[in-house]
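This report refers to the structure that appears directly beneath it.
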Amino acid sequence: RQGTAEPPDEGGQGKRTTSSVKKEEKESEEDDSVVAVRVAASAPSHPSSSSSSTALRPSADPPADRHSVAVPSPSPSVSPNDALSEEFKRLRDAYKAQKGEYWRGRAYERVVQVLSSLPFQIETEEDLDRPECAHVFGPKTKSREKAVEFLNSGKIRRVQEVSGDPRSEALRLFTQIHGVGPAEAERLYNSGFRSIEDLRANRPSAAGPSSVGVGGSSGGHRGGHVLTSVQRKGLEYLEDFLIKIPRKHAEIVENLLRRVATDVFGRGEMEVVLGGSYRRGKQQVGDIDVILLKRGTDLQYNPLPDLRRFLQALKATGLIVDTLS
């Protein structure tokens, strides 16, 4: 899909059709639902002798068949534009949590990515015209106006507005739960739920204008709960998912994955590559994206049996603690 890095104006004067908006909302809600397995975010620091064969311990030397994908050097953990980036992150989170504002949130996400990658600090409006960031801070764009506002005052008025809005804050919290998209978050809010504690108690704390869906069965088995079984797991592990994983820990997981792949498939038969922010050199990652490459396959290859064998072996090590969907 093609889109612009610039958000539509605050008045919402976009040229999208109603059908395209509905499609975007649905895709936004289902983005996270395709995750099959979540890797545990923590590992035992002192594995017992009974589990020494799968101890999470980095190997001294990388495997001889280490993947040939170029891995950049780790990027600095602190960006010179962290303060400005945090303002745009708050806008991103607020809009991505709102029904019908998916693309505006995506646009601010792009701004955050650019700011995080800049090797220099933006100190003047002229800095916004430098080639590394000019494509997201073009003349007369909303992103540029907000960046200039921050340079002049140290804050962005729109950020203060959305931060002080109870509805926006509730929607932001709800969409942090795996399986809850903007439309579902709005349903929960309209049903009277205002906090994570309300959801865990399965009891609204406010009189909402609608109770549609509470205890219902649409979107998955609820069993008398306002959330589906998948969403309840997302709620159970919510705090764990919000914790950033140190790069050193991701390296330990990488070594374990490679060792298990060798045990299951034989040396050099299944290549393990970590992607996402880890491959981009980040010092902390939100999750660990794993790519498996089976050698000697063609278009007729069915990966599911091998994937199931690999996942079962990982469960036996204790690395995988639950399956989300």
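The values are calculated or read from the model by the stated rules, or taken from the named source; none is laboratory data. Worth saying up front: this structure is predicted, and the values here are computed from it rather than measured. Ideal geometry is used to build each Cβ from the backbone, glycine not excepted, and the neighbour counts take in all protein chains shown. Only protein heavy atoms, including side chains, enter the accessible area calculation; ligands, DNA and RNA are left aside. Shrake-Rupley method; radii C 1.70, N 1.55, O 1.52, S 1.80 Å.
Once region 115-151 is narrowed to residues that are free of Cβ contacts under 8 Å to residues at least 24 places away in the same chain and in a helix (DSSP H, G or I), the residue that is surrounded by the fewest Cβ atoms within 10 Å (Cβ to Cβ) is Glu126.
Based on this model, can you work out whether Val212 counts as at pLDDT below 95, hydrophobic (A, V, I, L, M, F, W, C) and outside any loop (DSSP other than H, G, I, E, B)? In short, no. Residues considered: Ala206, Ala201. Of these, the only one that is open to solvent by 10 Å² or more (accessible area, probe 1.4 Å), over 15 Å from Gln98 (Cα atoms) and at pLDDT below 90 is Ala206.
Residues that are touching a residue at least 60 places away in the same chain (Cβ under 8 Å) and not in a helix (DSSP H, G or I) within region 181-209 comprise just one, Gly181.
Within region 152-166, the set of residues being in contact with a Lys or Arg (Cβ under 9 Å, 6 or more places away or on another chain) and part of a helix (DSSP H, G or I) comprises Arg157, Arg158, Val159, Val162, Ser163, Pro166. Residues in region 281-325 that are part of a helix (DSSP H, G or I) and either touching a residue at least 40 places away in the same chain (Cβ under 8 Å) or surrounded by 15 or more Cβ atoms within 10 Å (Cβ to Cβ) (or both): Asp306, Arg309, Phe310, Leu311, Ala313, Leu314, Ala316, Thr317.
Table: residues versus (1) touching a residue at least 24 places away in the same chain (Cβ under 8 Å); (2) farther than 30 Å from Pro204 by Cβ; (3) among the charged types (D, E, K, R).
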position	(1), (2), (3)
Gly234	yes, no, no
Asp240	yes, no, yes
Leu256	yes, yes, no
Asp263	yes, yes, yes
Val272	yes, yes, no
Gly275	no, yes, no
